[in-house]
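The values are calculated or read from the model by the stated rules, or taken from the named source; none is laboratory data. Just so we're clear, the structure is a prediction, and the values are computed from it rather than from any experiment. Counting neighbours? That spans all protein chains shown, and the Cβs are built from the backbone with ideal geometry, glycine included.
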Amino acid sequence: MTSHLKKVELHCHLEGAAPPALTLAQARKYNIDLSAYLSDGAYVWHDFASFLECYDKVSEVYKSEEDYALLTETYLEELASIGTIYSELIVSPDHGKRIGLGAEAYIAGVCEGIRRAREAHGIEARLIVTGERHFGPESVIGAAEYAAKAKNPLITGFNLAGEERMGRVADYARAFDIARDAGLGLTIHAGEVCGAFSVEDALNDVRPSRIGHGVRAIENPDLVKRLADQGAVLEVCPGSNIALKVFPDFAAHPLRKLKEAGVRVTISSDDPPFFHTSLKREYELASEAFGFSDSEINDLTRTGIEAAFVDEETRRALLARL
Ligand code: ADE
Ligand code: ZN
């Protein structure tokens, strides 16, 4: 039982958190046929590439500023109901542009959802703007420029997600330079679909304080030591990793090994309904599948707050709540 524990989430894609029932209602509202991607109340995909395709299709039924406010409020409400005090949501203003809503209105809707959830439930949240590798380096630079220029106090980080097998990290380094110069926190998906080399590329070419997943670093002991020595934080999403077959089962998942090697690790849900998980379940897995004690799970949560992309006053307040 982990229901009594305070929780923090650093790695969740906003559209990836869309409840299937809400997505279905949205699809009906806009008369969009999603039956190839959503059936019997579950998202339909079979491998990483088809997951990304399904994710992009689902995202397309959220079209207006109010749709994004509702989606954000709905997810943060769910998090607050299980004792979550802080959430970082990965958002894609570029997606807002692609669907014709525009980056500004997309972000305004998300920020309104955060405002409502904070007012009703006291949950703190920040936004990490992401570029998507499969839309190419130019679009990722566009996302970084947007994040840098927005001067939005809720946008505090920059990420790179999408098809990890497309290009090398160096192709996207310029986008991270723009985000770093703007004072944003840096994190990057690596070591999920690709092996340890992608985590090394990320450390060398981006110098992030956190890595999304990073779990395949376990394939290289020198790299595990480097992560521990540097204090880089891994945003580990065990349920996602098993659903995407990064590891065959929880017994083979390296979360505990990484923690024991001194790597700073946190737990998150990534795209919860796509992977039949939730932050609640990830905390339960920490206890039941990985055998962490309450005190060890609180360590994961504390690491999350220490690595959060927030000002120091907010960090102190979150640590005090824990
Ligand atoms: N976009 C949404 N979820 C993702 C994941 N797990 N990896 C890469 N890109 C993503
Ligand atoms: Zn992710």
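Every residue, every condition in (1) more than 18 Å from the chain's Cα centre (by Cα); (2) in contact (Cβ under 8 Å) with a residue 40 or more places away in the chain; (3) within 18 Å of I90 (Cβ to Cβ), yes or no:
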position	(1), (2), (3)
G231	yes, no, no
L234	no, no, yes
L244	no, yes, yes
F247	yes, no, no
T303	no, yes, no
R316	yes, no, no
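Only helices (runs of 4 or more DSSP H) wholly contained in region 224-293 count here; list those with 1 or more residues that are within 23 Å of E15 (Cβ to Cβ) and more than 14 Å from ligand 1 (Cβ to nearest atom). If you could, list the steps in order and put the result at the bottom.
On the way: elements: 238-243, 255-260, 279-288.
In region 224-293, the matching helices (runs of 4 or more DSSP H) lie at 279-288.
Counting only residues that are of a type in the set (S, T, Y), in contact (Cβ under 8 Å) with a residue 12 or more places away in the chain and part of a loop (DSSP other than H, G, I, E, B), how many does region 35-45 have? I'd like the intermediate steps shown before the answer.
So in region 35-45, the residues of a type in the set (S, T, Y) come out as 35, 37, 39, 43.
Then keep just the ones that are in contact (Cβ under 8 Å) with a residue 12 or more places away in the chain; that gives 37, 43.
Filter once more, so that each one left must be part of a loop (DSSP other than H, G, I, E, B): 37.
Residues meeting the conditions: 1.
I'm told G185 meets every condition in (1) over 15 Å from the mean Cα position of the chain (by Cα); (2) more than 15 Å from ligand 2 (Cβ to nearest atom); (3) under 15 Å from T130 (Cβ atoms) except one. Can you identify the failing condition by its number?
(1)
Residue under question is V224, and the condition is that it be aliphatic (A, V, I, L, M), closer than 28 Å to Y43 by Cα and modelled with pLDDT of 95 or more; does it hold?
no
Each row is one residue, and each column tells you yes or no for (1) within 16 Å of ligand 2 (Cβ to nearest atom); (2) crowded, with 21+ Cβ neighbours inside 10 Å; (3) touching a residue at least 60 places away in the same chain (Cβ under 8 Å).
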site: H13; (1), (2), (3): yes, yes, yes
site: P20; (1), (2), (3): no, no, yes
site: D33; (1), (2), (3): no, no, no
site: A69; (1), (2), (3): no, no, no
site: Y75; (1), (2), (3): yes, yes, yes
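Please enumerate the residues belonging to region 273-297 that are hydrophobic (A, V, I, L, M, F, W, C), more than 16 Å from ligand 2 (Cβ to nearest atom) and touching a residue at least 60 places away in the same chain (Cβ under 8 Å).
If the condition is that a residue be hydrophobic (A, V, I, L, M, F, W, C), more than 16 Å from ligand 2 (Cβ to nearest atom) and touching a residue at least 60 places away in the same chain (Cβ under 8 Å), then A286, I297 are the ones that fit.
Hey, any hits in region 255-272 for a residue that's within 16 Å of ligand 2 (Cβ to nearest atom), within 28 Å of S50 (Cα to Cα), touching a Lys or Arg at 6+ places or on another chain (Cβ under 9 Å) and hydroxyl-bearing (S, T, Y)?
Yes, because at least one residue in region 255-272 is within 16 Å of ligand 2 (Cβ to nearest atom), within 28 Å of S50 (Cα to Cα), touching a Lys or Arg at 6+ places or on another chain (Cβ under 9 Å) and hydroxyl-bearing (S, T, Y).
Yes or no, residue by residue, for (1) part of a helix (DSSP H, G or I); (2) over 24 Å from I188 (Cβ atoms):
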position	(1), (2)
T2	no, yes
F51	yes, no
V61	no, yes
E66	yes, yes
E73	yes, yes
K97	yes, no
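For region 132-150, which residues satisfy the criterion of being buried (at least 19 other Cβ atoms within 10 Å of the Cβ) and within 16 Å of ligand 2 (Cβ to nearest atom)?
Residues satisfying the conditions are E132, R133, F135, V140, A143.
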